[in-house]
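Below is one structure, written out as structure tokens; comments come after it.
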Amino acid sequence: VCSWGGYTFIINLIPMHVLLCIVTGRYSHRLYIAYAPLVVLGTLLAALVPVVGFNAVMTSEHFASFLVFIILHVVALVYHIKGILSPQMFKVAVTLVVSIGLAVCCAVAAVLVALVASSPTKGWSGRSLSLLDPTYASKYIPIIASVSEHQPPTWPSYFMDINVLAFLVPAGIIACFSPLSDASSFVVL
């Protein structure tokens with residue numbers, strides 16, 4: 001966070017990986033133990049940086065990690081309760097919890113939408129807005145537009161940089177999928 005402002009892309013890539021593992025049925029206690037402390041400690045440490053401050057909790061850029069954090073806890077709770085209750089009681093409990101959970105989620109989503117909508121940039125930083133709209137930085141934030149790293153490269157520059165290896169890219173992508181594991185799914189993302 002202190003040395004690189006693009007930390008928000010990484011802090012959103014990791015929740016995408018965790019969500020992919022949950023959706024594909026690869027949830028494990030190792031995933032929980034790795035991700036839960038990362039979100040808590042990462043957010044606390046990011047909030048200690050003066051430039052970031054309380055924005056580590058209030059900007060939309062961090063909402064993905066918090067949402068996946070909540071989803072991960074719900075999944076862990078479901079696995080724990082499934083081991084305790086009988087299958088019939090588990091079905092009743094799931095029906096009750098889903099009904100109440102949807103109402104609570106709708107209320108929380110409404111509050112978040114209201115908070116984000118009241119923000120002048122809708123909760124997004126200039127860095128993220130320039131990723132979504134490449135012309136945003138040149139219009140509104142000239143300091144971001146002046147940094148050459150933020151300019152999109154031309155296609156010939158890719159081929160000049162990697163030369164013959166450009167033909168091996170399809171083989172590399174296929175190799176990422178061949179032993180599909182948690183690590184290879186992170187590489188694919």
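Tell me, what is the FRET efficiency for ILE84 and LEU38 to the nearest 0.05, using R0 = 30 angstrom and their Cβ-Cβ distance as r?
For ILE84 and LEU38, the calculated efficiency is 0.65.
Plainly put, segment 1-84 has a radius of gyration that is 1.03 times its Kirkwood radius, both from alpha-carbon atoms, as the Rg/Rh ratio. Using 0.36 nm per residue and subtracting the Cα-Cα separation, the extra length available between ILE162 and LEU67 on full extension is 30.4 nm. Here the relative contact order of the chain, from alpha carbon pairs under 8 Å that lie six or more residues apart, stands at 21 percent. Available extension along the chain between VAL188 and THR154 is 9.9 nm, counting 0.36 nm per residue and deducting the alpha carbon span. Normalised by the number of residues in segment 27-99, the average gap of Cα pairs under 8 Å and 6 or more apart makes the relative contact order 26 percent. Counting only whole DSSP H helices of the chain, the ones at least 20 Å long by C-alpha along their axis and with mean Kyte-Doolittle hydropathy no lower than 0.5 are 7-23, 29-48, 63-84, 87-118.
Computed about its Cα centre, the charge dipole of the chain is approximately 480 debye, with only Lys, Arg, Asp and Glu carrying charge at their Cβ. Highest mobility in the GNM of the chain, judged by mean-square fluctuation with C-alpha springs under 10 Å and restricted to LEU20, LEU102, LEU129, is found for LEU102.
One decimal place: the segment ALA109-VAL94 gains 3.3 nm when fully extended, by the rule 0.36 nm per residue minus the C-alpha distance.
All of the numbers you see were taken from the coordinates with simple rules; none came from a lab. Remember, predicted model here, so these are calculated numbers, not experimental data. Because the Cβ atoms are built from the backbone with ideal geometry, glycine has one as well, and the counts that use them run over all protein chains shown.
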